[in-house]
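The block underneath contains the structure these notes are about, expressed in structure tokens.
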Amino acid sequence: MAETSTNEEKLPLNGRRAIPPNNSNDEENEVPEMEAFGLLPRGFNPRDYLRVVDIYMFKDPHEINKQEHHTDKYYNPKLIVRRGQAFQIQIDFNRPYRPETDQFWLEFLMGRYPQRNKGTYIPILLVNALKPGQWGAKIIHRENNSIRLSIMSSTTCIIGKFRFYVAVWTPYGILRTRRNTETDTYILFNPWCQLDAVYLDDEKEREEYVLNDVGIVFHGSAEDIKSRSWSYGQFEENVLDACLFLMDKAELELSGRGNPVKICRVASAVINSRDDNGVLVGSWDNIYNYGVAPSAWTGSVDILLEYYSSKQPVRYGQCWVFAGVFNTFLRCLGIPARLITNYSSAHDNNANLRVDLFLDDEGKVDTRLTKDSVWNYHCWNEAWMTRPDLPVGFGGWQVVDGTPQETSDGMYRCGPASVQAIKHGHVCFQFDAPFVYAEVNGDIFYTRREKNGTQVVESIDTTRIGQLIVTKEVGGDGMMDITEEYKFREGSDEERLALEAAVMYGVKKQSTEDTTYQPQTDVDMDFQVQKAVLGNDFKVTISFRNKSRNSYTATTYLSANIVFYTGVTKTEFKKHSFSAKLEPSSSSSFDIMIKSSEYMSDLLEQASFHFFVTARINETGKILAVQKATILEIPTLRIKTKGEMVAGKEMTVIVEFTNPLKQALENVMLHLEGPGVLRTIKKQFGRVPANSTLTWEVKCIPMRPGLRKLIASLNSNALRHVYGELNVQIQKP
């Protein structure tokens, strides 16, 4: 008790509130076991009245509550139920309960200052009939000294961990049960309940977006899509407590925790460490000292648990890591969520729907002037909920993004923004819709500055940005194209209308009037990059089609760059120029070899290249410009198993990797994890010589039967983003 009184002194009450803010699910208040109405008479003995001897919460995974509430997968011994749905408990008294004279009720409390009007103190009275979506308790069975109750919770109940008491009325005061952590109860969102703000009506979708603890991250580029598995692990031990801690960390008032819109908004800020010491430190510079390279993580559990125990930001994340952790948080609390990849995502610094790439006199990109970038891909999340704060029709999937890109209301956060509002250009509706609209719609302007300062727009690419938006399919590992949920078909009337609406609602759209734009029409240019495996040579083929009756010569430049997946250039590793003769009404093509020795020393972890080809038609002075990103094939890890795979019995997992490079790999680190099979383990291998094979055997005891996934990653100085996975069927013992 001494500790609480010192805390009281530390909390100076200000003139605005009667009690300090109540934003920690962890703190508690003292609840008296005997709350006297006045002076107690001398002969008062609490034992004369109805007294609670024992309480059963039916909280084991196989018992009725966790089965009916779809919470049996949580690796947590306490009762976990979903709001707006009845659950059962049993109370044993010291004698049979007599409804005529005995009076008792139940109490759920949360936080340090429980208040009834804030939803942090909930008294539950006995009723004859339960009403859907309203608090109440009904006796469904009486036998000897015990009764069984069915308890209905409110569909707007705040979510988190509640303390539970039974209170008995006596003429002289209220007798309460003792504080008992065994009866603590978690209440979560309920996508199965029609009255809940996160209700989702399709059972297959609920199984995918709430109950699936493994997902797929699509990366690479639109021309060359790559995928890898990610372990969300929302049911693993302590993850639920870690997710509740995030809301404490974000200082979200307990009374606001029944609202998914508020929870998503504060979570998108606390997932990154900028401005609030949140979960993950972002790093895009390819130097990951004192931390784990973003590509080495195989799932969210390690990150959340490390943050929960150390209370310090975890190093390092990039967009898919932020999105993976955010997805775990949402699914863990019961909000349906999915991870989205937007290919060719515009990071438009001034949100004018125009990504400006400035060219110098020779037609090469001027990195000094170019501030905007096009990310090869960018991952964010969608969360499913109603939007009572917006007009009808904007509920459903909402974009939320935990990657720190731009500030929103002074903090690095983004969303929730209605996907429907983005599609129709109604970007006036909160939160951050203009920013997301610009990420998926925008034009790339290739602009050349003349010596006298005038800007000449050489070409405009209207189709590349947001060219493909995908997520994992429901019930499988394939890809589902959801581009049409974000935008109408390129060039359709609806698309123009949506753009006009967006501009009317305040998205800046620069006109081309202030710049001269005369596109070249009689010559087409394009190029193809040969599919290549990391460490090999490959070729780039540039092709021209001269549709005119004139002969032309084209001075052609190829610039080959190693880029971060964010589209930012690290180094230009090859420049090549040549003169191409273009005969009238004919096509011609030219090959350029790219050698592995030219790119290997500077390669970044995602093995992304960006090629710029510009050609000046000497006779007309017109410029043609084409750019493409390409990703090398990275070798994969092989995973095998040995022995029988039965829950509770030891099995062996073998990870193998063959180094395909012409050089040894230094500082090789392997990660292996599989929800329900094994917790993440890491192993350091000093070096792996060129062309040699590394083998790692791990023994583990799988906990849960069913189809599970093993995921491995390899990280080293010269090679990152190496993954492997294996589906395993764990039998029942």
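The values are calculated or read from the model by the stated rules, or taken from the named source; none is laboratory data. None of the values given here were measured: they were computed from a predicted structure. In this analysis, Cβ positions are derived from the backbone assuming ideal geometry, glycine residues included, and neighbour counts consider all displayed protein chains. Protein only, heavy atoms only, side chains kept; ligands, DNA and RNA dropped before computing areas. Shrake-Rupley method; radii C 1.70, N 1.55, O 1.52, S 1.80 Å.
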Averaged per residue, the 1.4 Å probe accessible area of the range 203-505, protein heavy atoms only, in Å², is roughly 33
Taking Cα atoms only, Rg over Rh for the range 638-730 with Rh from the Kirkwood formula is 1.01
Accessible area per residue, 1.4 Å probe, Å², for the range 554-599: what's the number? 45
Among 719-726, 166-173, how do they line up from the highest to the lowest mean number of other beta-carbon atoms within 10 Å? 719-726, 166-173
Taking a probe of 1.4 Å and leaving out DNA, RNA and ligands, the range 34-188 shows per residue an accessible area in Å² of 48
The range 42-167 - Rg (one decimal) and Dmax (whole number), Cα, Å: 15.3, 52
Going residue by residue through the range 466-471, the Karplus relation 6.51 cos²θ - 1.76 cosθ + 1.60 with θ = phi - 60° gives ³J(HN,Hα) values, rounded to whole Hz and with x marking Gly or Pro, of x, 6, 8, 10, 9, 8
Going down the table (Lys709/Lys732; Lys451/Lys547; Lys226/Lys642; Lys570/Lys595), which pairs top 23 Å between alpha carbons? Lys451/Lys547; Lys226/Lys642
So what's the angle, to the nearest 10 degrees on a 0 to 90 scale, between helix 319-333 and the longest Cα principal axis of the chain? 20
Among [x] 34.9, 122; [y] 30.5, 116; [z] 28.9, 98, which is the computed Rg and Dmax of the Cα atoms in Å? [y]
Taking the reciprocal of mean 1/r across every pair of different Cα atoms in the range 516-595, the Kirkwood radius in Å is 14.5
Nearest 500 deg cm²/dmol is fine: what mean residue ellipticity at 222 nm does the chain get from its DSSP H runs of n ≥ 4 alone, each adding -39,500 (n - 2.57), divided by its residue count? -3500 deg cm²/dmol
How many percent of the accessible area of the chain is carbon or sulfur, using a 1.4 Å probe? 48
Longest principal axis of the chain (C-alpha) makes with the long axis of helix 239-249 (C-alpha) an angle, in degrees to the nearest 10, of 80
Cα convex hull of the range 588-672: how many Å³ per residue? 182
State log₁₀ I(q)/I(0) for the range 203-505 at q = 0.09, 0.14 Å⁻¹ as given by the Debye formula over alpha-carbon point scatterers of equal weight, solvent excluded. -0.44, -1.05
Return one number: the angle in degrees, 0 to 90 and rounded to the nearest 10, between the long axis of the Cα atoms of helix 260-270 and the longest principal axis of the Cα atoms of the chain. 60
As a Kirkwood estimate from alpha-carbon pairs, the range 317-390 has a hydrodynamic radius in angstrom of 14.9
